[in-house]
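The values are calculated or read from the model by the stated rules, or taken from the named source; none is laboratory data. Nothing here was measured: the structure is a model prediction, and the numbers come from that model. Quick reminder, even Gly has a Cβ in these numbers, built from the backbone with ideal geometry, and neighbours come from all protein chains shown.
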């Protein structure tokens, strides 16, 4: 698969989503269940889940996404032996949760995702939704810590077997870099194939073209490696000779 094939698949997935699975919310915040012949969007079900209490939200989203994958397999759209999962922001958080709940995906990629709702509360620039979802702050008297922890992907990270990439912007104020570091170090400590990439200067949504294309190339190569074992030749991005995405692969226990 090439980067141009990837974008063609993205256009196809948006069409399928509008016609069959609901409203498409934009690529930066979607979760996508895909096989490596093309990407197929699975409804991120936010409209329904946002009505649920915080204690049920992450688990229900993850289960529904897995059910969505079953639907696509039954429809003959996705290959159960080549499934991969990817997402950004809300979608990255769901990827983090999904890989703790199932080993059905051959590979995963999570961008700007949450690992630990408790630590996030002291890092993010926006806590208002969290107080509503979880019924309070993590440092108030009788804090609902059990809800914060139950919904955190880190809680069940020892279950992860899926090779997973992590991407985050160095200056992300919404889901700061430490969240991706927590997931990366957890998987590394369990000897799960993983890699963390940190893009200099980037906020929550990456804006620099060479960073975006670097991410696409890296994801496709990862998916080809673990889902199809086909060779992949990256497409050169503008400014490739000045590539500055930081790569982290050393072990952390």
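Find the strands (runs of 3 or more DSSP E) located wholly in region 136-253 whose residues include 1 or more that are on the phi < 0 side of the Ramachandran plot and modelled with pLDDT under 95, and list them.
In region 136-253, the matching strands (runs of 3 or more DSSP E) lie at 246-248.
Given the options 91, 113, name the one that is in a loop (DSSP other than H, G, I, E, B) and touching a helix residue (DSSP H, G or I) at 6+ places or on another chain (Cβ under 6 Å).
113
Take residue 186 and tell me if it is surrounded by fewer than 20 Cβ atoms within 10 Å (Cβ to Cβ), over 23 Å from residue 206 (Cβ atoms) and out of contact with any strand residue (DSSP E or B) (no Cβ under 8 Å at 6 or more places or on another chain).
Taking the combined requirement at face value, the residue does not satisfy it.
Go through region 161-180 and report how many residues are within 14 Å of the chain's Cα centre (by Cα) and closer than 24 Å to residue 224 by Cα.
8
One line per residue, one yes/no per condition, for (1) touching a residue at least 40 places away in the same chain (Cβ under 8 Å); (2) farther than 25 Å from residue 97 by Cβ:
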residue: 173; (1), (2): yes, no
residue: 189; (1), (2): yes, no
residue: 202; (1), (2): no, no
residue: 207; (1), (2): no, yes
residue: 214; (1), (2): no, yes
residue: 218; (1), (2): yes, no
residue: 222; (1), (2): yes, no
residue: 226; (1), (2): yes, no
residue: 230; (1), (2): yes, yes
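Given the options 64, 107, 75, name the one that is at pLDDT 95 or above, within 30 Å of residue 228 (Cα to Cα) and either surrounded by fewer than 24 Cβ atoms within 10 Å (Cβ to Cβ) or touching a helix residue (DSSP H, G or I) at 6+ places or on another chain (Cβ under 8 Å) (or both).
After ruling out the rest, the residue left standing is 107.
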